[in-house]
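The values are calculated or read from the model by the stated rules, or taken from the named source; none is laboratory data. Model, not experiment: these values are computed from the prediction. Note that we place each Cβ from the backbone using ideal geometry, even for glycine, and neighbour counts take in every protein chain shown. To get the accessible areas, we keep the full protein, side chains included, count just its heavy atoms, and leave off ligands, DNA and RNA. Shrake-Rupley method; radii C 1.70, N 1.55, O 1.52, S 1.80 Å.
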Amino acid sequence: MTSLKFFGHSCFMLSNTETSLLFDPYLSDNPFHISSAEDIDCNYILVSHGHHDHLGDAVSIAKRTGAQVISTAEVARLCGEQGCKHHAMHLGGKHAFPFGQVRITLAFHGSGVPGGHACGFVVNFYGSNIYFAGDTGLFGDMALLGRLEKIDYALLPIGDNYTMGPQDAAEAAGMLKPRFVVPMHYNTWPLIAQSPEDFRHDVETRFSIPVKIIQPGETLILE
Ligand code: NI
Ligand code: MN
């Protein structure tokens, strides 16, 4: 059984009985206050870029648990300098981890660190392909990502202002053609307030792709 817990914003835990992957561990300062960083246990931490609402508590969690940080070279190095186990990758690169393959994808967004680049991830987790888009604008090569790997779950930002809004994220879903879509990066602050129900209706009517809305604190069991 594979589960996906949502901590609000873009923070998720993907896990089964063997392995836990934490994405963009924004916990201490996360307005949803689902969990404190001290209560998190995981094996890997995937960081999409260096902005505070994504890098978050990565360093403290990695140092306490021994979890390995997986990110682009600049962010991975930043974590390594602070004493974290880390694995540096970069855009377009793939690597086989014990749980499965990770591909680092493009994300059109600031990196938050000098010389870096924001990214997304396609993670093959024991056979399920999860695309975590990170913070990004819409780009046409998302269609290519959907061809390279058959995506089971696409986690897409819908907040607008800093990232894709709901209309652009619906277009992204149409290009990626995943089995399911999960919206993220919305309702954290008034500036990115969105209706995930309206987004779901749009994606389901236009593309017949089911949208799973996970409330902060809730866990989705993956099909
Ligand atoms: Ni950002
Ligand atoms: Mn962000």
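A few comments on the model shown:
- Only protein atoms count toward the accessible area here, which uses a 1.4 Å probe; on the stretch 3-221, the carbon and sulfur part of that area reaches 49 percent.
- The stretch 1-29-the stretch 155-223 distance, computed between alpha-carbon centres (Å): 17
- Fully extending the segment from T205 to Y126 would add 25.4 nm, taking 0.36 nm per residue of separation and subtracting the current Cα-Cα distance.
- Folded to 0 to 90 degrees: helix 166-176 orientation relative to the chain principal axis, Cα: 80
- Candidate lysines - alpha carbon under 23 Å from K5, same-chain residues fewer than 8 apart omitted: K63, K150, K177, K212
- FRET efficiency for K94 and H52, using Cβ-Cβ distance with R0 set to 35 Å, rounded to 0.05: 0.80
- For the chain, projected area of the alpha-carbon convex hull averaged over all directions, nm²: 10.6
- Its convex hull of Cα atoms gives the stretch 31-130 a direction-averaged projected area, equal to a quarter of the hull surface, of 6.6 nm².
- By the helix-only formula, in which each DSSP H run with n ≥ 4 contributes -39500 (n - 2.57) and the sum is divided by residues, the chain has a 222 nm mean residue ellipticity of -6500 deg cm²/dmol.
- The modelled label-to-label distance between E197 and L144, using points 7 Å beyond Cα along the C-beta direction, is 3.9 nm.
- Separation in nanometres of the label points that stand 7 Å from Cα toward Cβ, at N16 and R179: 1.3
- From the alpha carbon centroid of the stretch 59-79 to that of the stretch 99-143 is 17 Å.
- Entry comment: accessible area of the stretch 3-221 is 39 Å² per residue, from protein heavy atoms only and a probe of 1.4 Å.
- Ordering of 102-112, 43-53, 186-196 by packing [mean C-beta count within 10 Å, highest first]: 43-53, 102-112, 186-196
- Assuming charge only on the beta carbon of Lys and Arg (+1) and of Asp and Glu (-1), the dipole of the stretch 76-223 about its Cα centre is about 560 debye to the nearest 20.
- All other residues whose Cβ lies under 12 angstrom from that of F139 are scored, Lys and Arg at +1 and Asp and Glu at -1, for a net of -3.
- Along each principal axis, taking the top coordinate minus the bottom one, the Cα set of the stretch 114-223 gives 38, 37, 28 Å in descending order.
- GNM top mover of F23, F125, F97 - the chain, alpha-carbon springs below 10 Å: F97
- Other residues with beta-carbon under 12 Å from the beta-carbon of I221 carry, at +1 per Lys or Arg and -1 per Asp or Glu, a net charge of 0.
- Summed residue charge, Cβ within 14 Å of H49's Cβ, Lys/Arg positive, Asp/Glu negative: -3
- Here is the short version for the chain: C11, C42, C119 have no other Cys C-beta closer than 4.7 Å.
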